[in-house]
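K.L.:
Below: one structure in structure tokens.
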Ligand code: BTN
């Protein structure tokens with residue numbers, strides 16, 4: 001059972017718990033379409049059977065071991081062209097949450113969280129645009145907490161990092177507080193540059209030479225920046241110009 005977070009400002013004041021569901025992002029979208037929903041409402045489940053990931057992938061998670069939830073936001077104050085700020089804010093909030101446990105946290109563009117070279121959290125953000133503004137944003141977050149067996153060797157969990165099981169309710173409350181603080185920062189124009197800079201500072205490959213897979217070739221390069229629309233800027237070894245990439249156009253390689 002997950003309780004509403006009464007001392008938060010925006011996020012999690014209302015928490016809808018479903019023992020089982022298809023995808024919390026889908027349930028959140030249904031709620032928005034049915035009628036007015038309080039901003040910051042969270043839909044959370046213990047058994048998500050049709051979890052969706054980025055680029056059409058699936059998000060598999062063992063029942064009752066991890067956190068899978070979606071937040072409904074109405075960030076009308078963010079221009080559509082700058083909607084990547086929502087991604088950056090969410091990634092940083094999850095980054096901050098994990099930094100309490102380890103120094104090995106990294107953000108992998110666009111908004112995965114890695115501990116060393118293993119993924120611990122993924123976020124799927126689905127924005128609905130009306131004219132020039134974002135009418136609502138559904139921020140779906142999956143965090144591996146107590147699962148210890150993964151079919152993908154590049155996955156990890158909080159339990160594997162700390163060596164002990166955690167209370168899902170307690171971790172949920174910590175995360176929501178971190179997200180609530182992040183959303184408050186996002187609302188301040190002055191803090192938006194801080195969000196962009198902090199995101200860059202914690203981004204895997206920023207000002208470091210790493211390997212990428214580009215058109216079936218392994219290439220070395222350095223992340224130099226992120227555009228306001230969220231495109232990844234890379235300077236490849238031996239090249240002078242900086243190239244920009246969107247999702248699906250480039251892949252990170254960890255072992256090369
Ligand atoms: C990814 O890494 O590809 C993103 C994964 C996002 C998974 C979360 S779990 C809660 C929410 N509901 C979904 O169907 N997906 C997101």
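K.L.:
Consider residue 56 against the criteria (1) over 15 Å from the mean Cα position of the chain (by Cα); (2) more than 8 Å from the ligand (Cβ to nearest atom); (3) surrounded by 23 or more Cβ atoms within 10 Å (Cβ to Cβ): it satisfies all of them except one. Which criterion is unmet?
P.N.:
(3)
K.L.:
From the list 158, 175, 213, which one is closer than 19 Å to residue 107 by Cα, touching a strand residue (DSSP E or B) at 6+ places or on another chain (Cβ under 9 Å), surrounded by fewer than 15 Cβ atoms within 10 Å (Cβ to Cβ) and touching a residue at least 24 places away in the same chain (Cβ under 8 Å)?
P.N.:
One residue alone meets the criteria, 213.
K.L.:
Is it true that residue 81 is more than 10 Å from the ligand (Cβ to nearest atom), touching a residue at least 40 places away in the same chain (Cβ under 8 Å) and surrounded by fewer than 19 Cβ atoms within 10 Å (Cβ to Cβ)?
P.N.:
Here the answer is yes, as residue 81 does meet what is asked.
K.L.:
Tally the residues that are in contact with a strand residue (DSSP E or B) (Cβ under 6 Å, 6 or more places away or on another chain) and either part of a helix (DSSP H, G or I) or more than 16 Å from residue 104 (Cα to Cα) (or both), restricting the search to region 189-206.
P.N.:
Selection size over region 189-206: 1.
K.L.:
I've got another one for you. If only one of 181, 132 is touching a strand residue (DSSP E or B) at 6+ places or on another chain (Cβ under 8 Å) and under 21 Å from residue 88 (Cα atoms), which one is it?
P.N.:
132
K.L.:
In region 105-131, which residue that is out of contact with any helix residue (DSSP H, G or I) (no Cβ under 6 Å at 6 or more places or on another chain), in a loop (DSSP other than H, G, I, E, B) and within 22 Å of residue 226 (Cα to Cα) is modelled with the highest pLDDT?
P.N.:
Among them, the one singled out is 109.
K.L.:
Can you list residue pairs whose Cβ atoms sit under 9 Å apart, with the first residue in region 23-38 being assigned by TED's automatic domain parsing to the domain that holds residue 69 and at positive phi and the second being at pLDDT 95 or above and more than 8 Å from the ligand (Cβ to nearest atom)? Count only pairs 6 or more apart in sequence or on different chains.
P.N.:
none
The values are calculated or read from the model by the stated rules, or taken from the named source; none is laboratory data. Being a predicted model, the structure only gives us computed values, none of them experimental. Neighbour counts run over all protein chains shown; Cβ positions are idealised from the backbone, glycine included.
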